[in-house]
1. Which is among the β-branched types (Val, Ile, Thr), in contact with a Gly (Cβ under 9 Å, 6 or more places away or on another chain) and either part of a strand (DSSP E or B) or closer than 18 Å to GLY445 by Cα (or both), of VAL88, VAL63?
2. Part of a helix (DSSP H, G or I), at pLDDT 95 or above and assigned by TED's automatic domain parsing to the domain that holds ALA347: is that true of THR263 in this structure?
3. Which residue, of ALA200, ALA228, is at pLDDT 95 or above, farther than 29 Å from ASN177 by Cα and open to solvent by 10 Å² or more (accessible area, probe 1.4 Å)?
4. Starting from the stretch 453-481, take each residue that is of a type in the set (Lys, Arg) and list its partners that are more than 16 Å from ligand 1 (Cβ to nearest atom) and open to solvent by less than 40 Å² (accessible area, probe 1.4 Å), counting only C-beta distances under 8 angstrom and pairs at least six apart or across chains.
5. Which one of these does HIS468 not meet: (1) open to solvent by 20 Å² or more (accessible area, probe 1.4 Å); (2) in contact with a Pro (Cβ under 8 Å, 6 or more places away or on another chain); (3) not hydroxyl-bearing (Ser, Thr, Tyr)?
6. When you go through (1) more than 16 Å from ligand 4 (Cβ to nearest atom); (2) in contact (Cβ under 8 Å) with a residue 24 or more places away in the chain; (3) part of a helix (DSSP H, G or I) one by one for THR161, which number turns out not to apply?
7. Could you check, for the stretch 172-189, whether at least one of its residues is part of a helix (DSSP H, G or I), within 16 Å of ligand 2 (Cβ to nearest atom) and in the same structural domain as ASP447 (by TED's automatic domain parsing)?
8. Would you mention how many residues in the stretch 190-218 are under 22 Å from GLN282 (Cα atoms), touching a Pro at 6+ places or on another chain (Cβ under 9 Å) and part of a loop (DSSP other than H, G, I, E, B)?
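The values are calculated or read from the model by the stated rules, or taken from the named source; none is laboratory data. Treat the numbers as computed from the prediction; the structure is a model and nothing was measured. Reconstructed Cβ throughout: ideal geometry from the backbone, glycine too, with neighbour counts over all protein chains shown. SASA here: full protein model, heavy atoms, side chains in, ligands and nucleic acids out. Shrake-Rupley method; radii C 1.70, N 1.55, O 1.52, S 1.80 Å.
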Amino acid sequence: MADKPMIGMVILLNAIAAGVLYQRFHDHPQVQLLESRVLEVYHKLLPPKTPDRCGALKWPSYVLISDRVVFPDGVRPGAVFVEGSKIVAVSENVTVDNPHVMNFKNAVISPGVIDVHIHLNEPGRVDWEGITNGTRAAATGGVTTVIDMPLNSDPVTTDRTQLEAKKKLARAKAFTNVGFWAGLVPGNAANHTRLEELVAGGALGFKSFMCNSGINDFPNVEAADIAAALPFLKRRGVPFFVHAEAVTKVESDPSADPARYTTYMATRPPKFEQDAIRLLVQLLDADTSPAAPGFSVHIAHLADADSLEIIRGAQSRGHPLTVETCAHYLTFSSEHIPDKQTQYKCAPPIRDATNKQMLISALASGAINLVSSDHSPAPASLKEVESGNFLRAWGGISGVQYLLPATWTALREAGVDLLGLARLLSEAPARLAGCSSRKGRVAPGYDADIVVWEPEERANTSSALNMHTHKLSPYTDVVLYGKVLVTVVGGELTSLFGMVNKKPCGQVVLGRDA
Ligand SMILES: *[C@@H]1O[C@H](CO)[C@@H](O)[C@H](O)[C@H]1NC(C)=O
Ligand SMILES: *[C@@H]1O[C@H](CO)[C@@H](O)[C@H](O)[C@H]1NC(C)=O
Ligand SMILES: *[C@@H]1O[C@H](CO)[C@@H](O)[C@H](O)[C@H]1NC(C)=O
Ligand SMILES: *[C@@H]1O[C@H](CO)[C@@H](O)[C@H](O)[C@H]1NC(C)=O
Ligand SMILES: [Zn+2]
């Protein structure tokens, strides 16, 4: 006899997927626990056994039902009709005429999370992270689309050939949908032909660093490079993602202990973010070329809440600035980072608890547009795990699997509801990535990218369930709410209770909506 939680799962799922589970997940020990009677009943619903390929075992159509569907305008009981890779209809009538119904009862049906900032590091640095593990982790956490950064892979993505290589790898390996930002570096900033080749190849926009990126092949831009690229970015209507820190020499205490977090924090003060953002605003002031819709200067991973005042000022003068912060800035604060725990190191650094609350309020009020993970793992040796030296450790936080529960846990206390969350994690990211006419909403005609989850239940943050290539993560064993049950990617049941489909069925997201 199955144990209690398993019975709960079976009831919750209306036992639907048992047959699918049997065929697609049969090598997973948990599946053996499902009652054989349930398997028998639902086996009948399956089409004849077909080769293991994407779509092969998909029902021609099926319906997801729940008491809480996050529609674009509110949360209500509803039914979501999926055919192939699309949502074909939605209804508030939950009595449906279809043999393939999954009734999730009180669990929530939300649009799949879109993480616009992730480093998959492939090709070239799969010993850090790769498409396979990175997107499996994403799907497990309810993320259905990731947009990959142009650096940390080797080669970096600054020309068309390099972009083509990434597209090919993602088509073969991705469990979620994957799109790409291209790199804007001194070598291509002034050559609009090369930038155009990247956009024509399907890049969704560009990313630059205003400080050393840590990757030699991805040098930072200077003001002149940005000025040279701006007319192209504006005319082409693509976002310009910026790591905005203007790093200058700071007075630091040479005797400060590098194993203490505050020693690292002092090397990258808020002033660096503020100076960089001011410079970006000046460059926008100086460029009078016309801007097409889709263009924005997008401040990546804002850590300093005081910078928002500069951003608001520029926005009020009509400048298209968009802002992202990351789940780790909403979850952790510098006061609580223990010595030597370099899994917390990222740039800009995690700041204090007051700053954290200000970021959370800014998300609640709409002053910050969206939340990303900036998932960027590295091997333990680079993270200086043994020495615990914050100054030498590679910066980058591993966390795509926890983006949904960490963001929800931080924001629900500030009064953000399920609809507000969907706007910050799905709708606004889809707009930035240029796919908001097909992704980011549970609505007819949209891609069937869906997460079913229980917001009141705890996510299991045990490192044993962490799917990242490297398990080191500041989120390990942290109390987070939001348990993901099912992730549907393009109509495919990609993750069920943390078990991931054997076949990678993600799509490559190419080009922005017209
Ligand atoms: C709901 O849909 C079912 C099946 O299509 C139909 O029989 C029923 O009349 C509908 N109920 C309402 C209130 O429209
Ligand atoms: C600009 O890029 C194009 C396409 O990659 C290349 O053919 C051309 O030589 C470059 N122009 C300059 C001035 O570097
Ligand atoms: C979390 O998962 C681990 C590994 O499967 C398991 O040992 C642990 O009991 C789970 N924790 C909870 C609270 O379910
Ligand atoms: C995925 O992660 C596991 C565990 O760290 C690792 O052994 C494996 O090599 C990784 N797979 C790929 C394809 O990188
Ligand atoms: Zn990043």
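1. Working: VAL63 fails: in contact with a Gly (Cβ under 9 Å, 6 or more places away or on another chain).
From the options VAL88, VAL63, the qualifying one is VAL88.
2. On the way: part of a helix (DSSP H, G or I): yes; at pLDDT 95 or above: yes; assigned by TED's automatic domain parsing to the domain that holds ALA347: yes.
Yes; evaluated as a whole, the condition is true for this residue.
3. Within the list ALA200, ALA228, the selection yields ALA228.
4. ARG458/LEU480
5. (1)
6. Every condition holds for THR161 apart from (2).
7. No, the stretch 172-189 has no match at all.
8. Here the count works out to 2.
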